[in-house]
Each structure stands twice: as C-alpha cells, then as structure tokens.
1. For LEU229, list long-range residues whose amide hydrogen, built 1.01 Å from N in the peptide plane, is under 5 Å from its own amide hydrogen.
2. When you count, for each residue, the other Cβ atoms within 10 Å and take the mean per peptide, how do 240-249, 180-189 rank with the highest first?
3. Rounded if a/c is under 1.5, else prolate if a/b is larger than b/c, else oblate: which is the range 143-229, with a ≥ b ≥ c the root eigenvalues of its Cα gyration tensor?
4. Pairs to check: LYS103/LYS205; LYS74/LYS103; LYS182/LYS210; LYS182/LYS202; LYS98/LYS210. Give those whose C-alpha atoms are more than 30 Å from each other in this structure.
5. Would you kindly derive the ³J(HN,Hα) couplings of the range 165-174 from the backbone phi angles with the Karplus curve 6.51 cos²θ - 1.76 cosθ + 1.60 (θ = phi - 60°), listing them in order in whole Hz, with x for Gly and Pro?
6. Accessible area per residue for the chain in Å², computed with a 1.4 Å probe and the full protein assembly in place, what is it?
7. For the chain, with all protein chains present and a 1.4 Å probe, just round the carbon and sulfur fraction of the accessible area to a whole percent.
8. Sorted by packing (mean other beta-carbon atoms within 10 Å per residue), highest first, where do 136-144, 83-91 land?
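The values are calculated or read from the model by the stated rules, or taken from the named source; none is laboratory data. Keep in mind that what you see is a predicted model, and the values were worked out from it rather than measured. Glycine gets a Cβ as well: all are built from the backbone with ideal geometry, and neighbour counts include every protein chain shown. Each accessible area value is taken on the protein alone, full model and side chains, heavy atoms only, with ligands, DNA and RNA left out. Shrake-Rupley method; radii C 1.70, N 1.55, O 1.52, S 1.80 Å.
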Amino acid sequence: FSTHQYYCVDVFQDDLLKKLAFLNSKGFVQCFGDVVTRECPPKADTHIGRTFEYLLGVEINNQQKPDYKGIELKSHKLLSGSAITLLANNPHYFFSDKWVIRKTTKLFYPWYESVCGNGEFLNNTVKFRNPNSQGLYLDISNDNLRIQICDSKDVACLEWDIEALEEKLIEKFSEGAFLFCKTKNDQRGRELFHLTKVFHVKYGKNNLLKTIKNSSIEIDILFRHKKTLKQTSFRAHKRNLINIFDIFNEYDLSEVDF
C-alpha cells in the first residue's frame, strides 16, 4: 500500500495556459521569426507562430504532429479578418480519378487555366453552394463520402474523402490552442507582438460534413509563382471556430494567473 497520491496533469491548464499568461504580462515582445538569425525580415506570414513557439521552447521541425506536448498551436493577428488554415491537404481525386502526383498534375493545370479564363492561375476561395467568380463551389457527394469542388457546369472536379480528412483533423486537433496577438512596429520597422487571447479547442467527433454545410469551413486553392500549385487548404474565420470544435473555451490572458 502506498501513500503517494497520483493525479493527471492537464497540460493546457497546468502548463501552457500559465506560460501564455506570463507572455501576456510581458507586453509587446520582439519578433523572433527567422529560424536562423531569430530576426524578423519584412513580409513573412509565419513570424507570429515562430516567435511564440520560440518563446515556448518548441523546436522547429517538419513533422505533422501537434507542436506543444500534444497541443497544436495556431497563431494569428487579433484584428486580422483573414481566415485561419486548419489543414492543408491536396485533393484525393480529380474528376473521380485517384490523384497521382505526376499524371494528375499534367491534367490539372490545363483544366484550372481554363477555369480562370485569363491565362493566369488565380487563387480561389471556394464555399458551400456559393459559386465564386470562376463558378467554383463546394458540395457534398450524394453518398456523403466526399467533399467536392464543382465547376459552373455542376461537375465535380476535385474531391476529398471525408473519412480521411476527419482522421487528419482528429490527429491534428485532438487538442489545440489558437493564439491571438496585437501587433505593431518599433521605430526601426521591426514587428512586435502582444499575446492577448487564446482559444482552447478539442476535435473528436465526425463534424466535418456539418461544418462544410453551414459554411464554417471553406477551401482555398493557392498557387506559388502563378502556375505552381502550392496547396489546397481547409480554412475558417475566427468567428466560426466555435462551430467546428467539440470543446471550445476562450481566455483573456490578462485575467489568467500564472
């Protein structure tokens, strides 16, 4: 018989939240966005995330696993109106044929160029049953097994297996923290960040079908150098995150003890 008492440590409540509150108390901190110099060259979209990962002691790596002790971190400007990337995943099917990198890409580009119609490959945001200026819109297959991007002729062009996406979301966001900060520049033009708010979330149920249909999630088709597909991303605006996750709690860091 042992007199030792054991308890389960809540990594978010007992560790991460307190560290985030401490960072909030420091006010504006300098950017540490560059992975080598830890300086902050202009116009780099990853600066906020890299800065707070550095301050939290998270090592930079190329793995898809959650960042901080099993918790996925997503950083964003507090006042930004842009959507937040939840998951990057290129299509599983092109016109119902399995997506194969070499073969499919050769077919994809001529089709997409014809969709854009002006000789350049445009970035596109695609929403549920709400055609954009290129006529593209999201839909769900009749058997509820695939998410589809349909064209102006109502033909399903790009498709994803919902089950496969659900598995990725559960793996990535079994627990997550969305960090929001105020930003400004110092006299030398360098970025400064003040962490003010965090959303603590957990994703565990098959909720993707519902969130696509209620337009809480949209898909972005993004290109690099005009004619090279960068990625297709599942994205959501800050106001819609509460509709996506099974557990959603918001914290004002100035009110959290550390």
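1. Distant-sequence amide H within range of LEU229: ARG224.
2. Working: 240-249: 16.1, 180-189: 12.7.
In descending order of packing, they fall as 240-249, 180-189.
3. Numbers: a/c = 2.95, a/b = 1.50, b/c = 1.96.
Judged from the Cα gyration tensor, the range 143-229 comes out oblate (a/c at least 1.5, b/c at or above a/b).
4. Details: LYS103/LYS205 35 Å; LYS74/LYS103 34 Å; LYS182/LYS210 32 Å; LYS182/LYS202 25 Å; LYS98/LYS210 25 Å.
Pairs exceeding the cut-off: LYS103/LYS205; LYS74/LYS103; LYS182/LYS210.
5. Karplus-based 3J(HN,Hα) across the range 165-174 equals 5, 4, 4, 5, 5, 5, 5, 7, 10, 4 Hz.
6. On the way: 14890 Å² over 258 residues.
Computed with neighbouring chains in place, this is 58 Å² per residue.
7. Numbers: 7020 of 14890 Å².
Carbon-and-sulfur percentage of accessible area, whole number: 47.
8. Numbers: 136-144: 14.8, 83-91: 18.4.
Per-residue mean Cβ counts within 10 Å order the peptides as 83-91, 136-144.
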